[in-house]
Amino acid sequence: MSTPASRTSRRKSVHRRYLHRRAAAALLALVAATTLAACGSDSEEGSSEEGFGTISMQYSWIKNEEFAGEFYAEDKGYYEEAGFDAVNGISGPDTGVAKLLSGKVQVAINDAASVGSAIAEQEAPLKIIGATFQKNPFTILSLKDGGNIATPADLKGKKIGVQDSNVNVFKAILAANGLEEKKDDITVVPVEFDPTPLMKGQVDGFMAYLTNEAITVEMAGHEITNLPYAENGVPYVAETYTVTDQYLAENRDLLKALLTAEIKGWTETFKNPSDEVVKVVTTHYNQAASDSDGLEASFGELDPVKTKRGLEESQKLISTPETEKNGLFTISEELQQQTVDSLAAAGWEVSVEDLFDTSIIDEIYEENPELKDYQK
């Protein structure tokens, strides 16, 4: 029988990746309304004469550890300090792409694959202005006493469980490492997002998230091996702050204030003990569960052990030598190019200029270099 933690992990992955496919279809109906909606987005949320009023931010998933920085920004008053009456965080699962284009939200936390595919396939007018995760959270998960896939070469002759929505991303890691399914005798086995086929030995490897299924399988008592995409040729950014081109052009001061508050909030997650951060996350999760009939209400209580592990694994994707030097959310020119190259390997052709505008985050650190010290 599955545990509540495993059921939560499966539902999380199912919804997040399923919505990647749904977003493209929704774009067809919404792109035509983009310009009109974007023009009216400010007035929809309301603004105060001396500040920025209230804005809405779409989260990619439920209110768990993935948004700990946002919770601290609210609790510590960083949003208010920045000039906002409120920043309404909206629970997912949702890439936010369709809502951005329709003007229902002003900012979305999503990923380069969701944004890049929308730009490549629909010419969606979107920009990534910062990234929480510097590293792609995807991994090929295997059991140490099973497939034990530690290098790309270990994929040869193996059966890999790949979800339908992740086929292109799997092809990207093969292409990045000069591998081909037929030539290298790699068998793709269609699976859902439940890692049971891996634990039962039905596949040698399994497409997973480092912050999710990898933890689930390990907590189930298995020794695991990860082949992280970010360290093997597919390093696109994720948990990205995304806006429309028009909103960016018309609201630079607002976005600058917002990202400053976000930096301060996420800094708290590094400065405070993990157990304290888990308490903050749990409080916000429980509030969401009691205030709405969304997914939080149906998932039951958070598992504090899983939440802490998820937080610790997330921090490894957030904090890198580059962010230690340049600051949280920054995306180096090299990483921008690597992201674009990663998307191209998955079949989405976009340019760096199409996908990114990091001018605001750069300005923040030029004017406030002390914000770089998020670990002190």
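Counting Lys and Arg as +1 and Asp and Glu as -1, each charge on the Cβ, what is the dipole of region 282-376 about the Cα centre in debye, to the nearest 20?
On the way: 7 positive and 22 negative charges, 130 e Å.
It comes to approximately 620 debye.
Rolling a 1.4 Å sphere over the protein heavy atoms, what is the accessible area per residue of region 56-183, to the nearest Å²? It would help to have the intermediate numbers written out before the result.
On the way: 4160 Å² over 128 residues.
Per residue, region 56-183 has 33 Å² of solvent-accessible surface.
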Placing +1 on each Lys and Arg Cβ and -1 on each Asp and Glu Cβ in the chain, then taking the dipole about the Cα centre, the residue among L335, A175, Y374 whose Cα reaches farthest towards the positive end is A175
Give the percent of DSSP beta bridges with both residues in the chain that are antiparallel, rounded to the nearest 5. 55 percent
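Which semi-axes, in whole Å and largest first, does the equivalent ellipsoid of the chain have when worked out from the alpha carbon gyration tensor as the square roots of 5 times its eigenvalues?
Taking √(5λ) for each eigenvalue gives 33, 23, 20 Å, largest first.
In square angstrom, what is the accessible area per residue of region 268-364 with a 1.4 angstrom probe?
Values: 4540 Å² over 97 residues.
I get 47 Å² per residue for this part.
Suppose every Lys and Arg Cβ carries +1 and every Asp and Glu Cβ carries -1, with no other charges. What dipole size does region 165-304 come out with about its Cα centre, to the nearest 20 debye?
Values: 9 positive and 24 negative charges, 81 e Å.
So the dipole magnitude of region 165-304 works out to roughly 380 debye.
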Please work out how much length the chain gains when fully extended from E363 to M219, using 0.36 nm per residue of separation minus the C-alpha to C-alpha distance, in nm with one decimal. 47.6 nm
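Within the accessible area of region 137-177, what % is carbon and sulfur when the probe is 1.4 Å and the other protein chains stay in place?
Values: 650 of 1490 Å².
Answer for region 137-177 is 44 percent, counting heavy atoms of protein chains only.
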Quick check on my link table: of K135/K158; K63/K104; K127/K182, which ones sit more than 31 Å apart, alpha carbon to alpha carbon? K127/K182
Mind ordering 181-191, 358-368, 51-61 by average Cβ neighbours within 10 Å, highest first? 51-61, 358-368, 181-191
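Assign unit charges at the C-beta atoms only (+1 for Lys and Arg, -1 for Asp and Glu), then state the dipole size of the chain relative to its Cα centre in Debye, rounded to the nearest 20.
Dipole of the chain, to the nearest 20 debye: 1600 debye.
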Sort out for me the Cα centre separation of region 146-165 from region 172-226, rounded to whole Å. 6 Å
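Quick one: with all protein chains in place, what share of the accessible area of region 279-376 is carbon or sulfur, to the nearest percent (1.4 Å probe)? Mind showing how you got there, number by number?
Numbers: 2270 of 4920 Å².
That share works out to 46 percent.
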Cβ neighbours within 10 Å, averaged per peptide: list 316-329, 83-96 in order, most packed at the top. 83-96, 316-329
Identify, among P228, L100, N148, the residue whose Cα sits farthest towards the positive end of the charge dipole of the chain, taking +1 on the Cβ of Lys and Arg and -1 on the Cβ of Asp and Glu, with the dipole about the Cα centre. N148
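Per residue and in Å³, how big is the convex hull formed by the alpha-carbon atoms of region 163-223? Could the numbers behind the result be given before it?
On the way: hull volume 6.1 nm³, N = 61.
Dividing the Cα hull volume of region 163-223 by its residues yields 99 Å³.
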Farthest towards the positive end of the dipole of the chain, among S91, V350, F138 and with Cβ unit charges of +1 on Lys and Arg and -1 on Asp and Glu, lies the Cα of F138
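Going highest first, how would you order 141-153, 209-221 by mean Cβ packing within 10 Å? Please report the intermediate quantities before stating the final value.
Details: 141-153: 17.8, 209-221: 20.6.
So the peptides 141-153, 209-221, ranked by packing, come out 209-221, 141-153.
Between A344 and E80, what length in nm is gained on full extension when 0.36 nm per residue of separation is reduced by their alpha carbon distance?
On the way: separation 264, 0.36 × 264 = 95.04 nm, distance 4.01 nm.
Using 0.36 nm per residue and subtracting the Cα-Cα distance, I get 91.0 nm.
The values are calculated or read from the model by the stated rules, or taken from the named source; none is laboratory data. All of these numbers come straight from a predicted model, not from anything done at the bench. FYI the Cβ positions are ideal-geometry reconstructions off the backbone, even for glycines, and counts take in every protein chain you see. Surface accessibility is based on the protein's heavy atoms, side chains included, excluding ligands, DNA and RNA. Shrake-Rupley method; radii C 1.70, N 1.55, O 1.52, S 1.80 Å.
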